[in-house]
1. Suppose a student asked you for the relative contact order of the chain, using Cα pairs under 8 Å spaced at least 6 residues apart; what percent would you report?
2. Defining a contact as two alpha carbons under 8 Å apart and six or more residues distant in sequence, what relative contact order in percent does segment 101-256 show?
3. Quick check: from the Cα gyration tensor, does segment 82-122 come out rounded (a/c under 1.5), prolate or oblate?
4. Considering only the other residues whose Cβ falls under 12 Å of the Cβ of Thr63, what net charge follows from Lys and Arg at +1 and Asp and Glu at -1?
5. For Asp149, Asp181, what's the fewest-to-most ordering of other Cβ within 10 Å of each Cβ?
6. Place +1 on the Cβ of every Lys and Arg and -1 on the Cβ of every Asp and Glu in the chain, take the dipole about the Cα centre, and give the residue among Pro196, Tyr12, Gly281 whose Cα lies farthest towards its positive end.
7. When only Cα pairs under 8 Å and 6 or more residues apart are kept, what is the percent relative contact order across segment 2-62?
8. What does the helix-only formula give at 222 nm for the chain: each DSSP H stretch with n ≥ 4 adding -39500 (n - 2.57), the total divided by the residues, and the result rounded to the nearest 500 deg cm²/dmol?
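Values quoted throughout were computed directly from the atomic coordinates according to the rules given, and no laboratory measurement underlies them. None of the values given here were measured: they were computed from a predicted structure. Backbone-built Cβ (ideal geometry, glycine too); neighbour counts: all protein chains shown.
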Amino acid sequence: MERHRIRHITKYIYPAPVTDSANQIMLYPVNDARQTVKHHELAITGRPAVEAFADYYGNTVGTFSIIRPHHELVIDSTVEVEVEPTAPPADDGRASAQWEALKAVQGTSPYLDFLFQDRCASREEILAEVTRIAAPGVTPLGAVLGLADFVNASLAYRKGVTSVESSTDEVWNLKAGVCQDFAHLLLLMLRMAGIPARYVSGYVCPKNHEMRGEGATHAWAEAFIPGCGWLGIDPTNNSIVSDRHVRLAFGRSFADCTPVKGTYRGTGEHTLNVSVRIESGPTGSAPPVYSTEVRREEPSSNSYRKFLEFQQQQQQQ
């Protein structure tokens, strides 16, 4: 069992006072048999009342409003969780029976939602890879691991070339992105194979800087495998999710799991700062600390412009 202490601060700074700020947060760690929340504290500018409710998928969602004029909004979330180790998945090798079991659940809840595929101009190219990897005789677990390996090998982990609005087509053509992009591409490929798959938001807590996405919010996928259940798979690190992954929420895509989003009345310009500090290990020890800070000025450049800039950088190398 691993214990993690995480502090996640989101700060919006406005050049002029804004009012009527209405916000939604999904910063509540999942509390289940695999993950136990020991402590969770929220501190928000102005101390507004936060109303919490469970969404369609069972995630805890908080909402709050700040009516008075303000120059900044700070959302400070501190959590302490214990995560159980993940047992290696078992595979009985009966590929045909397992694929038939997947077909039997495809039109039922909750699996139907996690088979939806967005329109994609690169569909035929991507489907060809899915067909090659999930070939006849390969079990669903083998397909999941093979597709995750393909995504990991095909995409370069590169910050700043995509945004939360980037489509799978953009990521496929760019062949680069961050954890969210790795997860979205894997989700599409799993669903093309007929395997229900859901997007997961959370944190990854490494020991020795050995994982990509450390010290920040992270994203991965969970695939439904007959006889195994929902298996977490992290394509960014090409690994099965372990006790170093802390789950916040799951859904069909990032849009269902956005950690912080909202609207307000006032200037369209703002600066966003996000920092995440992670400590792992027994309480009272001196564990390593991982921290990162993202600073973004709005409005940001669009994804196509970033794609062109990235191409130019590649040509210059």
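1. In percent, rounded to a whole number, it is 25.
2. Answer for segment 101-256 is 25 percent.
3. The shape class here is oblate.
4. -1
5. The fewest-first ordering by Cβ neighbours comes to Asp149, Asp181.
6. Result: Tyr12.
7. 32 percent
8. When only DSSP H runs of four or more count, the value is -7000 deg cm²/dmol.
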